[in-house]
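I have placed the structure first, in the form of structure tokens, so that the comments after it can refer back to it.
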Amino acid sequence: MRGIVGASGYIPRGRLDLATIAPVSGSGGGKGVRSVASYDEDTTTMAVEAGRLALRSVPDIRPDTLWFSTVTPAYVDKTNATAIHAALRLDAGAAAIDLGGAQRSAIGALSIALRSTGVQLVVAADLRTGLPGSSDEAAGGDGAAAVIVGDTGLIAEFLGGASMTAEFLDRWRTPGDVRSKVWEERFGETKYTALGQRAWQEALKTAGVEPDTVDRVVITGLHGRAARAAGGRLKRPIVDDLGIGNTGAAHPLLLLTAALETAAPGETIALVVLADGADVALFRATDAIAARRSPRPVAAQAQSGADVPYGKFLSWRGVLPTEPPRRPEPARLSASAAGRSEQWKFGFVAARDPGSGDPQLPPRPSGGEPVPMADVAGTIATFTVDRLAYSPSPPIVFAIVDFDGGGRLPVELTDVRPDEVRIGGRVEMTFRKLSTADGIHNYFWKARPVVPEARKETVVPEARKETVVPEARKETVVPEARKETVVPEARKETDVQ
Amino acid sequence: MSSNGIRDRVAIIGMGCTKFGEHWDLGADDLMVAAANDAFASAGIDKAAVDAYWLGTAQTGMSGITLARPLELQAKPVTRVENYCASGSEALRQAAYAVAAGAYDVAMAVGVEKVKDSGYQGLNANNPPNDGTGRTLTAAAMFSMVAPAYARKYGVSDGEIRDAMAHIAAKNHFNGARNERAQFRREVSVETICSAPAVAGTLGLYDCAGVADGAAAAIVVRAEDALRYVKDPLYIKALSFVAGNGNGLADPSYDYTTFPEVVQAATDAYAQAGITEPRSQLAMAEVHDCFTPTELVLMEDLGFSDRGIAWKEVLAGAFDLDGDLPVNPDGGLKSFGHPVGASGLRMLFEPWLQLRGEAPPERRVANDRRLALTQNLGGYPGEMVAFVSIVGTDST
């Protein structure tokens, strides 16, 4: 039986309060928030974060293929999945393939994986842009999701599915533009409703599932009105309950992941994607699902976050150019030098010091066996805030991090405000884009405050602003924090730097 | 570490130093020629009498031709050296060793940096092509981690450490106000220093050395030949250099309250020079005050203060111009700015003036000791090159 072995989502920390849009752009926005990728995140880095979480849930799995789907690739012509492959330290024999350009490519990648053999890792990430005041800007969100497909150790069996295709202009974008354009909504709605109906009937037939036995139907598409209309004809539809905006290519996998994270054994889940046609996939949760709850469920991530001012959001997305620091911009990296240090730069793999036995970060010529450090947490020994150095979003917060089990690295912090940092604070590593020069993205790792993990028995809270406070581990020696330093109370705060 | 040293085998017979500053109207060539000509004049020789040249510069030019062209040297061996911010000191070290080895009779060290042509404030390193994983912090940020670490280790309050840092800045500006070659020639009050805009960590604007263009030069000969040139040469007592291996950045036991490379270089230099009590034996010291906490820690690393009390001694005025041991009587990097390749030789220029009685009365050190120290470093806490020299007026 083929199906899903593991699934995880990644929602970046930033949140844009949609009510802050209209006072600037004159219109648009609305109620609620959307998720916002930080200035040092792109679809590749978010895909890495989702992929890491998914693979962590099934440590023994080695994917045979990595499929990466996005509408907003960091590169074209060059494959983006290879950077994800390197950061996830997949085997060289595992293919890494982009399926990009259109939102539909994500469900396409999942369909290929489900109809293929071996272990397939499907990762989708998207960064939704639009002109100020547009509905895409307000309705969009940034995020990623990763689904591992295989034959054994399933948390959900694939029961079958169907796909309907038609050529019609619903939305379109010229490559390079930050905005998409859309045709009159009613046209797309009509087309999608019909296509959705046909795919739904066909999928049920193929899977041999009675409509009444489907417990949850996850319906998504960038045509919100069509998705709501299609859902209206079904008994238990879930159009979108995350409240972070529609994350485009990532959204089908993100919603599926969220559904699986709360599914009871035996529950039947349908995924319906309306994008240039209609795709339906039916799954049934296995008994194993109860024992494999994610420590970082999508719903919990959706409910945390930190406000990003609208101006910063526009600046980060390149819509509002702001004056850069008056410092030289970083030089482009050397492709050959980066190639030689792939294990360190992308995989964050240290080397065992032959003398002390501690990890060398970075590896030195004397270094012995490789020591993967990406999933090792650390403690801030000391830190500083650099208001002079070049950064795409100054100031740089920088810390000396001592890793659990040995090893130290001076490293940049991210997803943190300067006044949140304290000596003794706990951090974990995250894959980020340091800068871009000559069109080359310089990917490397930064440290961020440890994201609170949901306890296994915890029921996902309803209230949006409730979050778990990150707790420093007991064994951590916490030196006297500076007077002005405030320990973060909750992650829902103001102003991501 | 073991080094034999060249105590009393080489003497400095001439020096030159330009005014440091934003020389919009002078290029590197002009600065090198000016410093070299001053040195030639003070030694009473011309360029043809110098057998070999060393040029210290971090980024202003490559190869010996950078110096040979503006000086219009004829068939001379000229070597460009680079050792971060200690490049000028490195040029002196190479020239002195070449003379000590007997390879040449007369050698010259020139240091220069033309910083203000970059279009940016501050120093900017041109790194070789790399994998993009290196740190991109400013030096200010790296050194800013010293102040809180020191304060925490020794139980110094935020206010006390702030006052000690401000005292260092005020002292150096006080001295620099009395130096015609300094870039900044105004005294700066502690209040102004403490209320300056933040640059990095707890460092404000006045905790950071300025940026300037400049050049300096020194001519060395065998000690026994020195009096043939000048009546009052300076004898080299010690030259010491340590290049750290960067391990401090990766070593969890490194606590940012000391610069081990400086301690090692100073220990070696004191052994070479036979110094046992630097605080009372030295007439003065020029140290690398790139940032105020750097100078604070250097007082302990150089053995001028016991561990943990330099901040108190700084506040008590021990290192003021009229203190126990005047430190940076010329105004230091704080007043001069830091033309990278020139700074090491600029530091040496102050002992050249002070020990030989040529320093102007308004900043002359009061004691009659006959030894002086220069300490020059490059890099960052945990990953540093360190140079220490000791010079004196006595030939033995």
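Based on alpha-carbon atoms, the Kirkwood radius and the radius of gyration of region A:212-272 give Rg/Rh equal to 0.95. For region B:156-312, the C-alpha radius of gyration sits at 1.21 times the compact-globule guess of 2.2 N^0.38 Å, with N the residue count. Placing +1 on each Lys and Arg Cβ and -1 on each Asp and Glu Cβ, with no other charges, gives the protein assembly as shown a dipole about its Cα centre of roughly 1520 debye.
Compactness of region A:151-214, taken as the C-alpha radius of gyration over 2.2 N^0.38 Å, stands at 1.57. Derived scalar couplings between HN and Hα for region B:7-21 equal 3, 6, 9, 9, 10, 8, 10, x, 9, x, 8, 7, 5, 8, x Hz in order, rounded to whole Hz, by the Karplus curve 6.51 cos²θ - 1.76 cosθ + 1.60 (θ = phi - 60°), x for Gly and Pro. Counting only whole DSSP H helices of chain A, there are none at least 24 Å long by C-alpha along their axis and with mean Kyte-Doolittle hydropathy no lower than 1.0. Histogrammed with a bin width of 10 Å, the alpha carbon distances of region B:239-299 distribute as 19, 48, 29, 4 percent, first bin at zero.
Where does region A:3-316 land on Rg/Rh, using Cα atoms and the Kirkwood Rh? Expressed as Rg/Rh, it is 0.94. Phi angles across region A:405-420 convert, under the Karplus curve 6.51 cos²θ - 1.76 cosθ + 1.60 with θ = phi - 60°, into 3J(HN,Hα) values of x, x, x, 9, 9, x, 8, 6, 9, 9, 6, 8, 8, x, 7, 8 Hz, Gly and Pro given as x.
Across region B:71-197, the volume of the C-alpha convex hull divided among the residues equals 233 Å³ per residue.
Within region B:121-171, the ratio Rg/Rh, alpha carbon atoms throughout and Rh by Kirkwood, equals 1.15. So what's the angle, to the nearest 10 degrees on a 0 to 90 scale, between helix B:158-176 and the longest Cα principal axis of chain B? Around 30 degrees separate the two axes. Here is the size of region A:170-283 from its Cα atoms: Rg then Dmax, 14.3, 45 Å. Largest mean-square fluctuation among B:LEU345, B:LEU239, B:LEU315, in a Gaussian network model of chain B whose springs join Cα atoms under 10 Å apart, belongs to B:LEU315. Checked against a 21 Å cut-off, the cross-linked pairs B:LYS19/B:LYS231; A:LYS78/A:LYS345; B:LYS47/B:LYS334; B:LYS237/B:LYS334; A:LYS312/A:LYS433; A:LYS31/A:LYS446 give Cα-Cα distances beyond that limit for B:LYS19/B:LYS231; B:LYS47/B:LYS334; B:LYS237/B:LYS334; A:LYS31/A:LYS446.
Once the Cα atoms are used to define both axes, helix B:340-354 deviates from the longest principal axis of chain B by about 80 degrees. Take the Cβ atoms of A:THR206 and A:SER366, set R0 to 51 Å, and the FRET efficiency comes out at 0.30. A Gaussian network model of chain B, with springs between Cα atoms under 10 Å, assigns the largest mean-square fluctuation among B:ASN83, B:ASN367, B:ASN179 to B:ASN367. Mind giving me the FRET efficiency for B:SER395 and A:SER393? R0 is 60 Å, r the Cβ-Cβ distance, nearest 0.05 is fine. Step by step, r from the Cβ atoms, then E = 0.50. Normalised by the number of residues in region A:3-316, the mean separation of alpha-carbon contacts (under 8 Å, six or more apart) gives a relative contact order of 25 percent. Under the simplified labelling scheme, the A:ASP419-A:ARG233 pair shows an inter-label distance of 5.4 nm, with each label point 7 Å from Cα along Cα→Cβ. Normalising by residue count, region B:253-396 has a Cα convex hull of 108 Å³ per residue.
Three principal axis extents of chain B based on alpha-carbon atoms, in descending order, are 57, 48, 41 Å. Over all orientations, the protein assembly as shown has a Cα convex hull whose mean projected area works out to 38.8 square nanometres. Alpha-carbon geometry of region B:37-107: the Rg and the Dmax are 11.8, 31 Å, given in that order.
Report the Cα centroid-to-centroid distance between region B:311-379 and region A:310-367 in angstrom, as an integer. Distance between centres, Cα-based: 40 Å.
Only one residue of A:GLY224, A:ALA290, A:GLY51 has its Cα farthest out toward the positive end of the dipole of region A:3-316, where Lys and Arg carry +1 and Asp and Glu -1 on Cβ, and that residue is A:GLY224.
Residue order for A:TRP344, B:TRP24, B:TRP311, A:TRP172, fewest other beta carbons within 10 angstrom first, comes to B:TRP24, A:TRP172, A:TRP344, B:TRP311. Axis of helix B:292-301 versus longest Cα principal axis of chain B: the two differ by about 80°, to the nearest ten degrees. Each principal axis of region B:206-245 carries a Cα extent, and these read 44, 29, 15 Å when sorted largest first. Distance distribution note for region A:46-187: the fraction of Cα pairs above 27 angstrom is 27%. For region A:3-316, the dipole from Cβ point charges (+1 on Lys and Arg, -1 on Asp and Glu) about the Cα centre works out to 360 debye, to the nearest 20.
Taken together, the values in this text are just the output of simple stated rules run on the coordinates, not laboratory data. What you see is a predicted model, and the numbers here were worked out from it, not measured in a lab. Cβ sites come from the backbone with ideal geometry, for glycine too, and all protein chains shown count toward neighbours.
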